[in-house]
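**Student:** Take this structure first; my questions come after.
The values are calculated or read from the model by the stated rules, or taken from the named source; none is laboratory data. Not measured: the values here are computed from a predicted model. When we count neighbours, we look across all protein chains shown, and the Cβ atoms used for this are built from the backbone with ideal geometry, even at glycine. SASA here: full protein model, heavy atoms, side chains in, ligands and nucleic acids out. Shrake-Rupley method; radii C 1.70, N 1.55, O 1.52, S 1.80 Å.
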Amino acid sequence: MASVSTNQFKSGLKFMLDGDPCSIIENELVKPGKGQAFNRVKFRNLKTGRTNERTFKSGESVESADVIEVELEYSYTDGEFWYFMDPVSYEQHAADANAIEDCKKWLKEQYVYTVTQWNGTPLLVTAPNFVNLVVAETDPGLKGDTAGTGGKPATLETGAVVRVPLFMNIGELLRIDTRSGEYVERAKD
Amino acid sequence: MENDWRPSASIETMKRRAQLLADARHFFAQKQVLEVETPILSQAAPTAPYLDSFKTDYIPIGTDQKQDFYLQTSPEFAMKLLLAAGSGSIYQVAKVFRNGESGKHHSPEFTMLEWYRVELTLEQLMDEVVELLTSVADFSDAIRLSYAVVFKKYLDLDVFDCTDADLKSLAFTHIPSLAADFELDRDGWLALVMSEVIEPKLAELNQPVFIYDFPASQAQLAKVKIDGQGNYVAARFELYAGGLELANGYDELLEAQALRQRFEQDNQQRQRLGKPDMPIDENLLAAMQAGLPQCTGVALGLDRVLMLILDQSNIKQVQNVTF
């Protein structure tokens, strides 16, 4: 397995720590004058999702992690796994509940998601920044209220609940920002 | 993708830097300290094990004979040649270079204000550093604490009497981010505890702090003396402000033979670290042999001073065009 030295550390770099793949969030050089240098590294454990800190001696090496990001299309779930398909090779990849936890409420068939894989296994599924989803349930729309003040909750086809303007009705297609979980606008199609 | 050519500092920052340089020069002109220039390139380089010089080569026209040259990490050696020649007190605003050092508070190339005083004791030099800082910006007076006192005050540790194992267990208690098999030598533990445990506490004082009387093993180019408690200490100070290490001052070591020994010990440690030996500055040693006058000297990082003046957290924000 290839190794990486602290002098190659930068945010986004994937490395192995105590057997788990991790991603660097922040790398800070600690260098007292003419003294020995250290790297204070803030990282996310990609298996558990937890962030932590580790101090390295500058020049130390760690094992690099075979972590790649691929774009896969969501197919279906059997309740235990969520299946994603490579749109080119049609190969199926099964992600467990842990991997889709953050984006479960934005999962819609045939949408393309960013899947972080470690040794071929999906670790984390990230939703695209925007998805278009149909309103499954909401109170009846109020005609004439186009200002969008106040708003009301609406349950979308994926189960996500977002605040929408009062005039929205069941069956309408909405554009949602998955990062904030907020309604953006009516979607064209 | 388009090149992001834009300077990292704003025009306001550029102007503030110019003002800082002008004010510093005015300060020394009034004190009749002579401004000097010395070469950035040298055939010798500092031996300090954790200080890496940029290396380049000089090729005389018409030959293919390369000669090694190093970019200065500070103008200290060349300025001491001037002192030995009888220059009297001198200062320099110099570009200095440290290979590999890049981070929020570090740039591989930065600006140093370094000065030497033949009239001042180390205590008086600390006064002058404060005088300079309060004259160029809104700095407050500095607290002075000895190295032993800060370790006692913040960690209840007798730093000159403790064992390496004491230091290690203290580091593990206060720094949760260390791996179980993390190992360092004594000066390594001291540096780590200083940076990660004590410096953040000093920053909370909201006032600049001088730390003085360092362990003799960290004497660098300072004299070693015996303190009031009978410990061998380096006649050195460092100035911390706003979480940054701003300045490093010495009561300058005068004996050539003692300095040669330190250089050689440094090179031995470099070998243990798998680093190349650095060529010892024989000109400096010859000048000291001829007689370096009693003097104190200090190097102040001007980019960091500017960071504090402008309340910036990244050194890149105060360098007009960054590395």
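**Student:** Treat every Asp and Glu Cβ in the protein assembly as shown as -1 and every Lys and Arg Cβ as +1, leave all other atoms uncharged, and give the resulting dipole magnitude about the Cα centre to the nearest 20 debye. If you can, show how the numbers build up before the last one.
**Tutor:** Working: 50 positive and 75 negative charges, 164 e Å.
Around 780 debye, computed over the protein assembly as shown.
**Student:** Averaged across the residues of A:34-46, what count of C-beta atoms belonging to other chains lies within 10 Å of each residue's C-beta?
**Tutor:** The per-residue average across the peptide is 5.
**Student:** How far is the Cα center of region B:275-321 from the Cα center of region B:41-67, in Å?
**Tutor:** Centre-to-centre distance over Cα atoms comes out at 18 Å.
**Student:** On a 22 Å Cα-Cα criterion, which of the cross-link pairs B:Lys104/B:Lys152; B:Lys201/B:Lys275; B:Lys80/B:Lys223; B:Lys104/B:Lys168 come out too long?
**Tutor:** Distance filter (> 22 Å) returns B:Lys104/B:Lys152; B:Lys201/B:Lys275; B:Lys104/B:Lys168.
**Student:** Using the Karplus curve 6.51 cos²θ - 1.76 cosθ + 1.60 with θ = phi - 60°, work out ³J(HN,Hα) for each residue of region A:83-93 in order, rounded to whole Hz, and write x for Gly and Pro.
**Tutor:** With the stated coefficients, region A:83-93 comes to 9, 10, 10, 6, x, 8, 8, 6, 5, 9, 10 Hz.
**Student:** Then there's this: Expressed as a whole percentage, what fraction of the accessible surface of region B:20-179 belongs to carbon and sulfur atoms when a 1.4 Å probe is rolled over the protein heavy atoms? Show your work: numbers first, answer last.
**Tutor:** Details: 3810 of 7470 Å².
So the carbon and sulfur contribution to the accessible surface is 51 percent.
**Student:** What are the DSSP H helices in chain B that stretch 27 Å or more along their long axis, judged by alpha-carbon atoms, and whose average Kyte-Doolittle hydropathy comes to at least -1.0?
**Tutor:** Details: long enough: B:11-30 (29 Å, -0.43).
Membrane-span-like by this rule: B:11-30.
**Student:** Taking only C-alpha pairs under 8 Å that are 6+ residues apart, what is the relative contact order of region B:193-238 in percent?
**Tutor:** On the way: 50 pairs, mean separation 16.3, N = 46.
Computed over region B:193-238, the figure is 35 percent.
**Student:** Average partner chain C-beta neighbours within 10 Å, per residue of A:126-137?
**Tutor:** Numbers: counts 0, 0, 0, 0, 0, 0, 0, 0, 0, 0, 0, 0.
The per-residue average across the peptide is 0.
**Student:** With only Lys, Arg, Asp and Glu charged, each at its Cβ (+1 for the first two, -1 for the last two), find how big the charge dipole of region A:62-127 is about the Cα centre; round to the nearest 20 debye.
**Tutor:** That gives region A:62-127 a dipole magnitude of about 260 debye.
**Student:** Let me ask something else. To the nearest 20 debye, what charge dipole does chain B have about its Cα centre, counting +1 at the Cβ of each Lys and Arg and -1 at the Cβ of each Asp and Glu?
**Tutor:** Details: 29 positive and 47 negative charges, 88 e Å.
The calculated dipole for chain B is roughly 420 debye.
**Student:** With every atom except the alpha carbons ignored, what do you get for Rg and Dmax of the protein assembly as shown, in angstroms?
**Tutor:** Considering the protein assembly as shown through its Cα atoms, Rg and Dmax are 29.7, 96 Å.
**Student:** Related question: So what's the gap between the Cα centers of region B:137-182 and region B:198-243, to the nearest angstrom?
**Tutor:** So the two Cα centres are separated by 11 Å.
**Student:** If I take every Cα pair under 8 Å that is 6 or more residues apart in chain B, average their sequence separation and divide by the length, what percent do I get for the relative contact order?
**Tutor:** This gives 24 percent for chain B.
**Student:** Taking only protein heavy atoms into account and a 1.4 Å probe, give the accessible area per residue of region B:210-323 in Å².
**Tutor:** 42
**Student:** I need the peptides B:91-103, A:73-85, B:110-122 ranked by packing, meaning the mean over residues of other C-beta atoms within 10 angstrom, with the highest value on top.
**Tutor:** B:110-122, B:91-103, A:73-85
**Student:** Taking only C-alpha pairs under 8 Å that are 6+ residues apart, what is the relative contact order of region B:1-123 in percent?
**Tutor:** 21
**Student:** In region A:44-184, how many lysine pairs have Cα atoms under 24 Å apart, counting only pairs 8 or more places apart or on different chains?
**Tutor:** So the count of such lysine pairs works out to 7.
**Student:** Moving to a separate point now. Placing one identical point scatterer on every Cα of region A:44-143 and ignoring solvent, what is log10 I(q)/I(0) from the Debye formula at q = 0.23, 0.24 Å⁻¹?
**Tutor:** Normalising to I(0) and taking log10 leaves -1.23, -1.31.
**Student:** Give the peptides A:154-162, B:165-173, B:142-150 in descending order of average Cβ contacts within 10 Å, highest first. Please report the intermediate quantities before stating the final value.
**Tutor:** On the way: A:154-162: 17.2, B:165-173: 15.6, B:142-150: 19.3.
Result, highest mean first: B:142-150, A:154-162, B:165-173.
**Student:** Moving on to the next point. On average, how many beta carbons from a partner chain sit within 10 Å of the beta carbon of a residue in B:148-155?
**Tutor:** 0
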